[in-house]
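Undergrad: What follows is a single structure, and I will ask about it in a moment.
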Amino acid sequence: MAAAWFIINLDEDRRNRNNGLRIIRKILRDTQNPFDIPEKRFREIYRLSREAVMQLCLNLMPYMPQGRKSTAISSELKVTSSIKKK
């Protein structure tokens, strides 16, 4: 009986930890907007102007699958992460 209680408790702890990590990831993703940084730094990171990246996003959007979940990554974040200078 004690072993069953331990397993149930361990599983609940794991679910709580996973939910906490999911919330933290969502907050980080939602608060990070690459277009909020100064233009000079933006050009250093992405090698293009903000306007060029916005136009690229608009041009690529019809070809990008849209996520249905509330946790989906925005098209802008997908584009900026793919062109980011390594």
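Undergrad: Cβ contacts < 8 Å: first residue over 21 Å from Asp36 (Cβ atoms) and surrounded by fewer than 11 Cβ atoms within 10 Å (Cβ to Cβ), restricted to region 59-86; second residue of a type in the set (Ser, Thr, Tyr) and at pLDDT below 90, any location; separation 6+ or different chain. Result?
TA: Gln66/Ser75
Undergrad: For residues that are closer than 24 Å to Asn19 by Cα and charged (D, E, K, R), scanning just region 62-86, find the one that is modelled with the highest pLDDT. Spell out the reasoning first.
TA: Taking region 62-86 as the starting set, the residues that turn out to be closer than 24 Å to Asn19 by Cα are 66-74, 77-78.
From the residues that got through so far, the ones that are charged (D, E, K, R) too are 68-69, 78.
Numbers: Arg68: 78, Lys69: 77, Lys78: 88.
Filtering first and then ranking leaves Lys78.
Undergrad: For Val53, only one of the following conditions fails: (1) modelled with pLDDT of 80 or more; (2) surrounded by 10 or more Cβ atoms within 10 Å (Cβ to Cβ); (3) in a loop (DSSP other than H, G, I, E, B). What is its number?
TA: Of everything listed in (1) modelled with pLDDT of 80 or more; (2) surrounded by 10 or more Cβ atoms within 10 Å (Cβ to Cβ); (3) in a loop (DSSP other than H, G, I, E, B), Val53 misses just condition (3).
Undergrad: Out of all the residues in region 56-86, which are assigned to a helix (DSSP H, G or I) and either acidic (Asp, Glu) or touching an Asp or Glu at 6+ places or on another chain (Cβ under 8 Å) (or both)? Steps first, please.
TA: Narrowing region 56-86 to residues assigned to a helix (DSSP H, G or I): 56-63, 75-83.
Residues satisfying the conditions are Cys57, Glu76.
Undergrad: Then there is this: In this structure, is Arg29 loosely packed, with under 12 Cβ neighbours inside 10 Å, of a type in the set (D, E, K, R), at pLDDT below 90 and out of contact with any Asp or Glu (no Cβ under 9 Å at 6 or more places or on another chain)?
TA: Working: loosely packed, with under 12 Cβ neighbours inside 10 Å: no; of a type in the set (D, E, K, R): yes; at pLDDT below 90: yes; out of contact with any Asp or Glu (no Cβ under 9 Å at 6 or more places or on another chain): yes.
The answer is no for Arg29.
The values are calculated or read from the model by the stated rules, or taken from the named source; none is laboratory data. Just so we're clear, the structure is a prediction, and the values are computed from it rather than from any experiment. Note: ideal-geometry Cβ built from the backbone for every residue, glycine included; neighbour counts use all protein chains shown.
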